Every structure is written in C-alpha cells, then in structure tokens.
Amino acid sequence: MLFSPVPPTAAEAARLHRYRLLLIALVAGAHALADAVLGLDLPWAMLALVLGGWLLLGQAARALRLATLLQFGLDLVLLTVVFATTGGFGNPLVSLYLLPLALGATLLRRRLAWMLTGLAIGMATLLIVVWTPAAVGLHTAHAAQHPHALSGGLGYASHLVGMWLSFVAAAGLLVHFTGAMAVVLRRRERELAAAREQTLRDRQVLALGALAAGAAHELGTPLATIAVLARELELDHAGDAALAADLATLRTQVEHCKHAISSLLAAAGQARVEAAGTQALDVWLETLLARWQTLRPAVPVQLQLAAGASPSILTDDTLAQSLVSLLNNAADVSPAGIGLRADWEGGGLRLAVLDDGPGLPARAGEPHWTGKLHGRGLGIFLARAAIERLGGELRYTLRPEGGTCAEIRLPNAALAVNPT
C-alpha cells in the first residue's frame with residue numbers, strides 16, 4: 001500500500017511518477033512564464049540541469065520501487081535545489097512544498113507524514129539561512145539608492161520570517177487535518193471491506209442453508225425406511241446378540257440423524273427464537289457431549305469446567321452444531337482423545353476445543369477448502385458464520401505443548417447469560 005513504509009507496487013509507483021511529472025512540468029512552466037513576462041533572466045542552464053536530474057532520479061525511483069516516504073523526500077530536496085537557484089525562500093513557488101506534504105499526509109502513516117513535514121520545514125529554513133541573505137543584501141542596496149522606498153533589507157528579512165512562520169503553520173495544519181481525514185477514510189474502507197466480506201459470507205451461508213434444507217427434506221424418507229428395516233432385522237434375529245447390538249447402534253445413529261434433520265428443517269429460514277428454553281451451562285455441555293459420544297464412541301473427551309458459578313444460558317441449536325463440528329474436526333486429528341474447556345473471561349463465555357493434532361493452516365475456514373481427503377470444506381466455515389451471527393468470534397491458536405486450540409468467545413448478551 002502507498003501508506004506503508006514498504007515499497008509501492010508497480011501501479012502505485014506509476015501513479016507517483018505521474019504526480020512527479022506534473023510537479024516538474026509545473027515548476028518549469030511557472031519559471032518560463034515568469035521569465036517571459038517579467039524578464040527575470042533566470043539561470044536556465046542550471047535549471048535545466050536540476051530539472052533533468054530530477055526527472056532521471058524520479059524514473060530511477062520508480063524502477064527501484066523506493067519507499068513512498070523516500071520519493072517524497074527526494075522531491076522536497078530537489079524543490080529546494082530549484083528554489084536555491086531562483087531567489088531562495090523569496091521565490092513565490094515555495095508554496096509548492098505543500099503539494100508533497102498534502103499527498104504524504106494522505107498516503108503515509110501519520111508518523112511518517114510528520115517526518116516528511118519536518119524535512120520540508122528544514123528545507124525551508126535552509127533556504128532562508130543559506131540562500132536568502134544575498135536577496136536581503138540586494139534589497140538593502142536598493143533602499144540605500146532610494147531612501148523613500150517603503151522597505152529595505154530589514155523589512156524584507158522580516159517579510160521572509162513572516163512567510164516562514166506562515167509556511168510552518170500551513171504545513172502543520174495541512175498535515176494534521178489531512179492525515180486525520182485519511183485515517184477516517186482508511187478506517188471506513190476497512191469497515192466497508194469487512195461488511196462486503198460479511199455480506200458475501202452471509203449469501204454463501206444462505207445458499208448452503210437452502211441446499212441443506214432441501215437435502216434434509218429428501219433424506220427424511222430414506223432414513224425412515226432404514227429405521228423400519230433395522231427394527232425388523234432386530235426382531236428377525238433376536239437370538240443373535242452381536243447382530244442385535246450392531247442393529248441397535250444402527251437405529252441409534254439413524255435416530256440421531258433424524259433429530260438433526262428435524263432441527264434443521266425447523267430452523268431453516270427462521271430467526272433465532274429468543275423465547276427458547278434455558279439450561280445450566282454444565283448440563284448443556286454434558287448433554288451435548290453425551291449425544292456426540294454416540295457418534296464418536298472411540299474418541300474420549302475430557303470436559304473441564306471453570307470453578308465457580310454455573311450460569312444459565314439460552315440454548316442455541318446453531319451454537320451446538322458449531323461446537324459439534326469443532327469436536328469432530330478435533331477428533332479427526334486427535335483420535336487418542338480431545339478436551340473441551342469452558343470458563344468466563346470479562347463477562348463472556350469462552351469454549352475451547354483442544355486437540356493434539358498437527359495444527360491448521362492459515363486457509364482454515366475458507367469456504368470449500370479442506371485438509372481432509374473426503375472433506376467438503378464447510379465445517380469451520382459454517383461454524384464461524386454461526387458464531388459471528390451470535391456476536392462472537394472463532395479463532396485458532398497453536399498450543400505450546402502441541403496441537404490446536406479452537407476457541408469460541410461469546411458475550412453474555414449472545415446467550416442471555418444469567419449467572420446463578
């Protein structure tokens with residue numbers, strides 16, 4: 001980015017080069033006009049050398065992709081060289097110092113913009129101290145030849161000091177207010193980008209929800225058929241204990257699937273029901289884990305509850321589904337056992353799913369990305385969308401002892417927490 005201290009991209013460097021060409025053309029054109037109208041007899045050989053060198057250095061800066069701050073600093077230094085050959089700080093074009101400052105305040109971070117302002121003030125001061133005394137001497141000689149002149153050398157020096165003070169005030173105010181507006185605009189751009197991303201994610205979730213509701217409706221009949229056949233096989237093979245146990249497990253799994261489909265169809269297209277029942281946190285978690293263990297009986301899970309109050313929370317099916325999805329992911333990479341920790345931090349609920357797996361890459365959570373051989377890449381994506389809908393956040397961190405911590409943070413308002 002242009003407001004970063006790192007080198008600009010090729011497109012950004014091209015925009016900076018166009019600005020520099022405009023500035024050089026403005027300086028050359030203004031001096032040519034002044035020479036033609038006022039007959040100032042300017043040192044054109046020196047000016048041509050400086051402006052040509054400025055153009056070449058600008059092209060080199062573009063090719064080398066120098067940082068934006070360095071390019072603006074180069075422009076200020078070369079402007080100073082131009083003014084030093086054409087009257088010092090008394091040159092009316094000295095106000096062009098403000099152009100790099102305005103752009104710098106817009107494109108650079110505020111600390112860097114103030115560094116650029118300090119350089120501009122230093123260059124202006126150098127013009128007054130080093131290159132302006134000759135002009136003051138000329139005004140002094142003019143006053144000696146014309147005693148009735150309104151201003152002599154001392155008056156001209158005072159005029160330059162006043163110009164310098166005005167320049168310092170203008171530069172400071174320009175950088176302060178332009179920088180403040182740039183910060184606000186960049187913040188708004190980030191917020192708009194986040195809003196667009198959230199809208200896109202919501203549309204994807206809505207589309208997935210519609211597809212899921214349709215699939216749930218279609219799966220109802222096959223699951224009912226499987227349940228009936230499993231029950232008939234149990235009755236037909238009642239004497240086979242091993243087969244009966246397997247069929248009982250099959251029917252349990254089918255009932256779990258039917259329950260999940262019923263919940264999905266009931267929730268499809270509906271907002272969260274605030275009048276839903278409440279449950280103590282420990283009871284809710286133990287019930288959820290018991291149901292999850294029927295699906296993953298081979299993976300032990302350790303529940304850790306923070307000591308102290310056990311709040312009563314508003315149960316939410318989407319949160320339960322998100323937590324089950326995180327538990328499944330953890331169990332896939334850590335079949336020897338996983339952990340679930342619940343506690344309170346700053347008045348909010350914190351749920352952490354712990355595993356001993358290799359960790360997740362930065363792309364985890366993007367739609368349709370998966371690290372599994374037969375995965376669909378929707379588990380974490382949907383879990384994050386559901387948690388953010390409740391006003392919370394989901395983030396992954398690496399554990400110091402190895403493995404991953406999937407952490408859900410929810411404010412009290414999200415679950416209507418009422419500590420008891």
Members of segment 149-181 that are small (Gly, Ala, Ser), modelled with pLDDT of 90 or more and out of contact with any helix residue (DSSP H, G or I) (no Cβ under 9 Å at 6 or more places or on another chain): Ala169
Given (1) open to solvent by 50 Å² or more (accessible area, probe 1.4 Å); (2) of a type outside the set (Asp, Glu); (3) at pLDDT 85 or above; (4) under 36 Å from the mean Cα position of the chain (by Cα), number of the condition Gly269 does not satisfy: (3)
Within segment 30-45, tally of residues that are assigned to a helix (DSSP H, G or I) and farther than 15 Å from Leu79 by Cβ: 9
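Can you confirm whether Asp41 is of a type in the set (Asp, Glu), open to solvent by 40 Å² or more (accessible area, probe 1.4 Å) and closer than 26 Å to Met163 by Cβ? Spell out the reasoning first.
Values: of a type in the set (Asp, Glu): yes; open to solvent by 40 Å² or more (accessible area, probe 1.4 Å): yes; closer than 26 Å to Met163 by Cβ: yes.
Taking the combined requirement at face value, the residue satisfies it.
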Hey, Thr80 polar (S, T, N, Q) and open to solvent by less than 40 Å² (accessible area, probe 1.4 Å) or not: yes
Count of segment 92-148 residues which are aromatic (Phe, Trp, Tyr) and at pLDDT 85 or above: 2
Qualifying residue in segment 49-66 (condition: touching a residue at least 24 places away in the same chain (Cβ under 8 Å), open to solvent by less than 30 Å² (accessible area, probe 1.4 Å) and over 40 Å from the mean Cα position of the chain (by Cα)): yes
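Out of segment 332-355, which residues are outside any strand (DSSP E or B) and under 17 Å from Glu286 (Cα atoms)?
Within segment 332-355, Gly337 is the sole residue that qualifies.
When the residues of segment 395-409 are narrowed to those that are of a type in the set (A, V, I, L, M, F, W, C) and surrounded by fewer than 21 Cβ atoms within 10 Å (Cβ to Cβ), which ends up modelled with the lowest pLDDT?
Leu398
Could you list, in sequence order, the residues of segment 79-127 that are assigned to a helix (DSSP H, G or I), over 18 Å from Ser166 (Cα atoms) and touching a residue at least 40 places away in the same chain (Cβ under 8 Å)? Break it down into steps so the answer makes sense when it comes.
Going residue by residue through segment 79-127, those that are assigned to a helix (DSSP H, G or I) are 79-84, 88-90, 92-107, 110-127.
From what's left, over 18 Å from Ser166 (Cα atoms): 79, 81-82, 84, 103-107, 110-113, 115.
Answer for segment 79-127, where residues must be assigned to a helix (DSSP H, G or I), over 18 Å from Ser166 (Cα atoms) and touching a residue at least 40 places away in the same chain (Cβ under 8 Å): Leu79, Val82, Ala84, Leu103, Gly104, Ala105, Thr106, Leu107, Arg110, Leu112, Ala113, Met115.
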Matching residues, segment 221-264, being of a type in the set (D, E, K, R) and either open to solvent by less than 60 Å² (accessible area, probe 1.4 Å) or under 46 Å from the mean Cα position of the chain (by Cα) (or both): Glu234, Glu255, Lys258
Those residues of segment 46-78 which are among the small types (Gly, Ala, Ser) and not in a helix (DSSP H, G or I), in sequence order: Ala67
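Return yes or no: is Val254 of a type in the set (Val, Ile, Thr) and either on the phi > 0 side of the Ramachandran plot or modelled with pLDDT under 80 (or both)?
The answer is no for Val254.
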Matching residues, segment 182-201, being touching a residue at least 24 places away in the same chain (Cβ under 8 Å) and either in contact with a helix residue (DSSP H, G or I) (Cβ under 8 Å, 6 or more places away or on another chain) or open to solvent by 80 Å² or more (accessible area, probe 1.4 Å) (or both): Ala182, Val183, Gln198, Arg201
Count of residues meeting criterion [open to solvent by less than 60 Å² (accessible area, probe 1.4 Å) and modelled with pLDDT of 85 or more] in segment 297-321: 3
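Being open to solvent by less than 20 Å² (accessible area, probe 1.4 Å) and either in contact with a Leu (Cβ under 6 Å, 6 or more places away or on another chain) or closer than 16 Å to Ala171 by Cβ (or both) is the requirement here; does Asp35 meet it?
Details: open to solvent by less than 20 Å² (accessible area, probe 1.4 Å): no; either in contact with a Leu (Cβ under 6 Å, 6 or more places away or on another chain) or closer than 16 Å to Ala171 by Cβ (or both): yes.
So Asp35 fails the test.
The values are calculated or read from the model by the stated rules, or taken from the named source; none is laboratory data. If you're wondering where the values come from, they're calculated on a predicted model, not measured in any experiment. Because the Cβ atoms are built from the backbone with ideal geometry, glycine has one as well, and the counts that use them run over all protein chains shown. Side chains included, ligands, DNA and RNA excluded: accessible areas come from the protein's heavy atoms. Shrake-Rupley method; radii C 1.70, N 1.55, O 1.52, S 1.80 Å.
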